[in-house]
Amino acid sequence: MTNGNTGAEQSPVPDQSDQQATPPASPVQPEQSTPPIEGKKSSKKWLWILIILILIGVGIGLYFWLRVAPIEYPNQVGVYSLKEVPTIDKGCAPANQLGPRAGIDIEDTVCIEGATFEYINKSGDDSKKGLFLTMLRFDKGRDAYKNRVLSFLSPTDIEGVYRKGEGWELYWWSDNFYIIVQEFVQKPDESGGHSYSYSSTATIQHPITNWFITKYPPPSNTD
């Protein structure tokens with residue numbers, strides 16, 4: 001009995017394990033990089049520019065604040081009171097035209113801002129002790145002026161503090177500030193006003209002088 005073969009050999013079914021698997025084509029296209037958004041880049045750029053400008057502005061403001069420091073002074077220290085708020089004068093002129101600050105024969109132009117403060121001890125009898133304090137801040141010409149001033153001042157036993165011969169005066173520099181102290185005694189005169197006697201010896205222990213020399217100390221040899 002014959003089987004149902006027709007004698008034609010059937011092709012064997014290919015062994016799929018012998019064939020390399022081909023991955024199916026992905027329906028999803030390869031992800032492409034998203035181009036940067038120009039608007040965001042521009043915003044960040046201007047933000048950094050703004051930050052830099054702010055930092056520059058703060059730096060410039062700090063520089064001028066340190067360089068052009070305001071003049072500070074007390075209204076009262078102990079029994080000494082400021083007689084009146086002085087006018088703060090400011091201007092530029094050749095150093096030899098500064099009037100009461102005689103002895104400055106240089107022609108360099110200096111720019112200063114300053115005032116003279118008068119403090120009075122109103123307690124006690126008719127004779128009242130007081131103090132004139134002249135304070136100048138130099139915005140220009142400080143070095144030339146300072147070198148000339150120091151040529152006729154004499155150092156005291158206090159570092160950075162000078163005299164000019166008169167015992168009732170003291171002088172010192174503190175950065176751009178030049179400070180002059182004059183102690184006096186105020187006495188009534190016949191006209192009903194007052195006269196000033198300069199006979200005491202100025203010291204840094206005076207309450208007003210001590211306040212200013214603490215606030216505006218003279219340089220030390222190590223500065």
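The values are calculated or read from the model by the stated rules, or taken from the named source; none is laboratory data. It should be emphasised that the depicted structure is a prediction, and the values quoted were computed from it without experimental measurement. With ideal geometry, Cβ positions are generated from the backbone for all residues, glycine too; neighbour counts draw on all protein chains shown.
The number of residues in the range 126-140 that are modelled with pLDDT of 90 or more and either of a type in the set (Ser, Thr, Tyr) or part of a loop (DSSP other than H, G, I, E, B) (or both) comes to 1. Name the residues in the range 171-195 that are more than 27 Å from the chain's Cα centre (by Cα) and either among the hydrophobic types (A, V, I, L, M, F, W, C) or not in a strand (DSSP E or B) (or both), would you? Passing the criteria: Phe184, Val185, Asp189, Glu190, Ser191, Gly192, Gly193. The residues of the range 98-122 that are over 30 Å from the mean Cα position of the chain (by Cα) and either at pLDDT 65 or above or among the acidic types (Asp, Glu) (or both), listed by number, are Asp105, Ile120, Asn121, Lys122. Do we find that Pro86 is exposed (fewer than 13 other Cβ atoms within 10 Å of the Cβ), out of contact with any Leu (no Cβ under 9 Å at 6 or more places or on another chain) and either at pLDDT below 90 or basic (Lys, Arg) (or both) in this structure? Taking the combined requirement at face value, the residue does not satisfy it. Got at least one residue in the range 143-151 being closer than 22 Å to Lys83 by Cβ and either at pLDDT 85 or above or not charged (D, E, K, R) (or both)? Within the range 143-151, not a single residue is closer than 22 Å to Lys83 by Cβ and either at pLDDT 85 or above or not charged (D, E, K, R) (or both).
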